[in-house]
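Below: the structure, in structure tokens.
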Amino acid sequence: LQAVPSREEIHRSRFKRLRFRFAQLRCDALLVTHLPNVFYLCGFTGSSGVLLVEADQAILFTDSRYSIQARQEVVGAKVRIERRSPLLCAVEWLSDSRRKLRIAYPPERVTALQAVQLRRTAGPKVRWVEGANIVESLRSVKDALEISLIREAALLAGNLFEGLLPLVKPGVKELDLSAEVEYRLRRQGASAAAFETIIASGSRAALPHARASAKPLQKNELVVFDLGAILRGYCSDITRTVYVGRAPARVRRWYAAVLQAQEAARAAMKPGVEADAIDRAARRTLRRHRLAKYFTHSTGHGLGIEVHEAPRLARGERTQLQVGNIVTIEPGVYLEGIGGIRIEDDIALFPQGVEILSQLKRDLIEL
Ligand code: ZN
Ligand code: ZN
């Protein structure tokens with residue numbers, strides 16, 4: 001039996017894993033500007049803050065709205081309450097140092113204007129190193145606590161979907177159903193929906209990212225439900241497709257093909273396998289059913305503090321899967337003017353195989 005690690009231990013180990021990478025990047029410190037990364041490292045949930053991680057300490061720069069909250073939440077970092085931009089304050093703090101410093105920063109998270117300001121404020125003593133995605137890559141390997149939180153979020157979303165089915169009938173508007181989803185998510189403990197709930201019926205189901213609309217459901221059409229919860233900071237993301245009425249043979253065929261593609265992708269998930277091999281497995285199956293051209297997005301994505309994070313299961317992604325990755329697998333087919341089918345589950349990768357966190361039946365549901 002393993003002892004449950006404390007918050008302090010969890011965050012200490014995250015900082016340790018991060019600092020271990022400083023040597024590879026040949027940097028003395030890292031500027032963390034992306035809030036999900038700040039939350040991951042020190043537990044801060046505020047909407048404004050920059051975390052500076054040095055070899056021997058970490059400092060969160062935030063503003064006075066968060067003075068109480070930061071004291072309550074932050075683990076493993078000192079807190080400085082600032083009157084001006086937390087980013088510039090962090091850099092000023094660095095520029096006061098007497099040493100020459102090499103600071104890593106995430107270029108894709110810093111605007112062109114901020115980059116200019118950083119260089120100007122920091123002055124000549126600071127060398128900027130592009131430390132692309134270093135925290136994101138740590139985040140892609142989940143610890144035991146994260147896995148259990150995402151499992152809980154996935155179960156919540158799955159149960160919610162099942163509870164919704166009695167409401168799914170001709171005449172009900174997509175928007176009514178999405179309102180119901182978001183209301184029930186919160187009633188069941190989620191802090192919010194992980195993303196805007198997708199409910200797309202009839203020909204609208206052919207739009208993979210349709211927003212719920214005022215369209216009422218009709219008999220003899222497909223309805224795609226894509227929903228997720230944020231529970232204690234972690235997201236779930238599941239999709240099921242139902243048919244209102246008795247599905248005709250061609251819809252059953254398409255559905256069976258998408259389900260087979262999902263199973264093939266899941267079966268391909270092993271530690272060390274490149275992410276695009278999972279995508280290829282799904283596509284190959286759909287190609288056998290002559291449906292590959294209707295599968296217009298990637299097979300899946302990492303899931304955690306953000307609903308879309310590393311690794312991406314897409315064409316050309318060479319990242320190797322690792323134990324502790326949690327990803328969605330969500331192949332689909334979209335036929336213009338007719339409708340669409342997608343089946344999405346949340347999958348955790350363990351040494352001995354995968355666990356499907358979203359425990360929800362995958363058969364075609366006819367209502
Ligand atoms: Zn989804
Ligand atoms: Zn997804």
Note on region 303-321: residues within 16 Å of ligand 2 (Cβ to nearest atom), of a type in the set (Gly, Ala, Ser) and surrounded by fewer than 24 Cβ atoms within 10 Å (Cβ to Cβ) are ALA310, ALA314
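For (1) open to solvent by 10 Å² or more (accessible area, probe 1.4 Å); (2) among the aromatic types (Phe, Trp, Tyr); (3) within 14 Å of ligand 2 (Cβ to nearest atom), each residue gets a yes or a no:
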site	(1), (2), (3)
VAL323	yes, no, no
GLY339	no, no, no
ILE343	no, no, yes
PHE350	yes, yes, no
LEU357	no, no, yes
Of the residues in region 181-201 that are open to solvent by 30 Å² or more (accessible area, probe 1.4 Å) and in a loop (DSSP other than H, G, I, E, B), the one that is farthest from ALA154 (Cα to Cα) is GLU196
Checking ILE238, ILE305, ILE230, ILE278 in turn, the sole residue that is among the aliphatic types (A, V, I, L, M) and touching an Asp or Glu at 6+ places or on another chain (Cβ under 7 Å) turns out to be ILE238
Of the residues in region 292-317, those that are farther than 18 Å from ARG266 by Cβ, out of contact with any Lys or Arg (no Cβ under 9 Å at 6 or more places or on another chain) and hydrophobic (A, V, I, L, M, F, W, C) come to VAL307
Looking across region 51-72 at residues that are open to solvent by 40 Å² or more (accessible area, probe 1.4 Å) and touching a residue at least 24 places away in the same chain (Cβ under 8 Å), the single one that is nearest to LEU113 (Cα to Cα) is ALA55
Here the qualifying pairs (Cβ atoms under 8 Å; residues six or more apart or on different chains; first in region 212-238 and under 18 Å from LYS169 (Cα atoms) and assigned to a loop (DSSP other than H, G, I, E, B); second among the β-branched types (Val, Ile, Thr) and away from ligand 2 (no atom under 16 Å from the Cβ)) come out as LEU217/VAL168; LEU217/VAL172; LEU217/VAL223; LEU217/VAL244; GLN218/VAL244; LYS219/VAL244; ASN220/VAL244
Checked against (1) at pLDDT 90 or above; (2) under 29 Å from LEU231 (Cβ atoms); (3) open to solvent by 40 Å² or more (accessible area, probe 1.4 Å), LEU149 satisfies every condition except (3)
The condition of being more than 23 Å from ILE338 (Cβ to Cβ), within 25 Å of the chain's Cα centre (by Cα) and either open to solvent by 20 Å² or more (accessible area, probe 1.4 Å) or away from ligand 1 (no atom under 16 Å from the Cβ) (or both) holds, among ARG211, ARG204, ARG232, only for ARG232
If you go through ARG287, ARG253, ARG266, the only one that is assigned to a helix (DSSP H, G or I), under 21 Å from SER148 (Cβ atoms) and of a type outside the set (A, V, I, L, M, F, W, C) is ARG266
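The values are calculated or read from the model by the stated rules, or taken from the named source; none is laboratory data. Just so it is clear, the model here is predicted, and its values are computed rather than measured. Ideal geometry is used to build each Cβ from the backbone, glycine not excepted, and the neighbour counts take in all protein chains shown. Heads up: the accessible areas ignore ligands, DNA and RNA and are worked out on the full protein's heavy atoms, side chains in. Shrake-Rupley method; radii C 1.70, N 1.55, O 1.52, S 1.80 Å.
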